[in-house]
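Inspection log for the structure reproduced underneath, given as structure tokens.
Where a number appears in this text, it was derived from the coordinates with a stated rule and is not lab data. Small disclaimer: the values here were computed from a predicted structure and weren't measured. A quick note on method: Cβ atoms are made from the backbone with ideal geometry, for glycine too, and the neighbour counts reach across all protein chains shown.
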Amino acid sequence: MPAKPQVIALEEHYQDPDVVRAYAPEDARQAPVIAERLNDVAELRIKEMDAAGIDLQVLSHGNPGLQTMDAEAAVRLARIANDRLAGAVAARPDRFAAFAALPTPDPKAAADELERAVTKLGFKGALINGPTHGVFLDDKRFWPIFERAAALDVPIYLHPAVPQQAVVDAYYQDYVQDWPSILRAAWGFTVETATQGVRMVLSGVFDAYPGLKIVLGHLGEGLPFLLWRINMGFTRDAKGGRGFREVFCDHFWITTSGFWSDPALLCCVQEVGVDRIMFSVDYPFAPNQPATEWLHKIPLCAEDKAKIASGNARRLLKL
Ligand code: MN
């Protein structure tokens, strides 16, 4: 039997005590079992990685992070949180790497913080939790962040957030009480983040910064499954240039965070290619064990499995 490949997981969350103290009350509310794990970047986390056979976690701040803060607080807390996270990684560089938290309410400061985190702290990119005060990231005011990411050659991970209130009111309100996950993992997260991905492609940001690399979790938030139809639809509006499919497949990577389905994975392999797919769990919101059990049984050859387990992440993040 071939040896099991190294396993790297890259949508794995923690939280910083100073950031959590600055949260609005509804954001600070967490189940104790989740909070305990978000707060731990040492023994408990490593124990649960060991139990599931995860060699390395790329740590990122949990939702909503700095995206809901005012600019002053976001800039101040980004530095504090990223410095503290760098300390946790330095204590166990064999088990942890990191994505920076960025103060997107001040885009110029966010670009500078990304550069500081990558060049001074050794971070591998950044993770952003949804829109910033209701504005999607394709808005031109955020392009300095993408310009800097492309120049540094590090990816930006676009992570879900709860839909905006106007969307909740129009689309979900009737079901929120009994089915609160309609705003989150069951549906709302996916729609929000897939919309963000589509908007990024339409914005032209990838023509402006050809080296820009974006990561989407949850097997691409449904976009690989829909790629054929999205591409056909936008062909009707196209004014020349690259098509949707080409831009998406050139600039996006996807992870398996919280989505361990053979049929869905195989669809992604066919649509975006096995070189663009990376293993992730979404710890601690999803458990490690079933994720790695699934990984080792996916119906692909050993070489492709190794790419998903760690090879693609090693290449993208230069680990
Ligand atoms: Mn997540």
Calculated from DSSP helices alone, with each H run of at least 4 adding -39500 (n - 2.57) and the total divided by the residues of the chain, [θ]222 nm to the nearest 500 comes to -13500 deg cm²/dmol
Scattering curve values for region 122-202, log₁₀ I(q)/I(0), Debye with Cα scatterers, q = 0.12, 0.15, 0.22, 0.23 Å⁻¹: -0.40, -0.59, -1.02, -1.08
Selection of trypsin sites (Lys or Arg not before Pro), region 215-302, meeting DSSP coil and at most 10 other Cβ within 10 Å: Arg236, Lys239
For region 263-319, shape from the Cα gyration tensor axes a ≥ b ≥ c, cut at a/c of 1.5 then a/b versus b/c, turns out oblate
Given pairs Lys4/Lys305; Lys213/Lys318; Lys47/Lys307 and cut-off 19 Å on Cα-Cα distance, the over-length ones are Lys47/Lys307
Size of charge dipole - the chain - debye, nearest 20, with Cβ of Lys, Arg +1 and Asp, Glu -1, no other charges: 740
Provide Cys301, Cys267 in ascending order of the number of other Cβ atoms located within 10 Å of each residue's Cβ, fewest first. Cys301, Cys267
Cα-based Rg and Dmax for region 5-102, in Å, come out at 13.6, 44
If R0 is 22 Å, what FRET efficiency do you get for Tyr175 and Arg29 from their C-beta distance, rounded to 0.05? 0.65
At what distance in angstrom do the alpha carbon centres of region 1-21 and region 99-115 lie from each other? 21
Can you pull out the trypsin sites (Lys or Arg not before Pro) in region 20-76 whose DSSP state is coil and whose Cβ has at most 10 other Cβ atoms within 10 Å? Arg29
Taking region 51-111 on its own, what percent of its Cα-Cα pair distances exceed 13 Å? 62
If a/c stays under 1.5 just call it rounded; otherwise compare a/b with b/c (prolate if a/b is bigger, oblate if not). Do that for region 195-263, with a ≥ b ≥ c from the square roots of the Cα gyration tensor eigenvalues. oblate
Between His296 and Ala186, Cβ-based FRET efficiency (R0 30 Å, step 0.05) works out to 0.65
Can you give the extra length, in nm with one decimal, that the chain gains between Gln164 and Asn39 once fully stretched, where that is 0.36 nm per residue apart less the Cα-Cα distance? 42.3 nm
What is region 70-197 by shape, rounded, prolate or oblate, if you read a ≥ b ≥ c off the alpha carbon gyration tensor as root eigenvalues and call it rounded for a/c under 1.5, prolate for a/b larger than b/c, and oblate otherwise? prolate
Less than 9 Å Cβ to Cβ from Arg79, Lys/Arg counted +1 and Asp/Glu -1: what total charge do the surrounding residues give? 0
Computed over region 176-319, the Cα gyration tensor eigenvalues, each multiplied by 5 and square-rooted, give semi-axes in Å (largest first) of 25, 20, 14
What per residue convex hull volume, in Å³, do the alpha-carbon atoms of the chain yield? 132
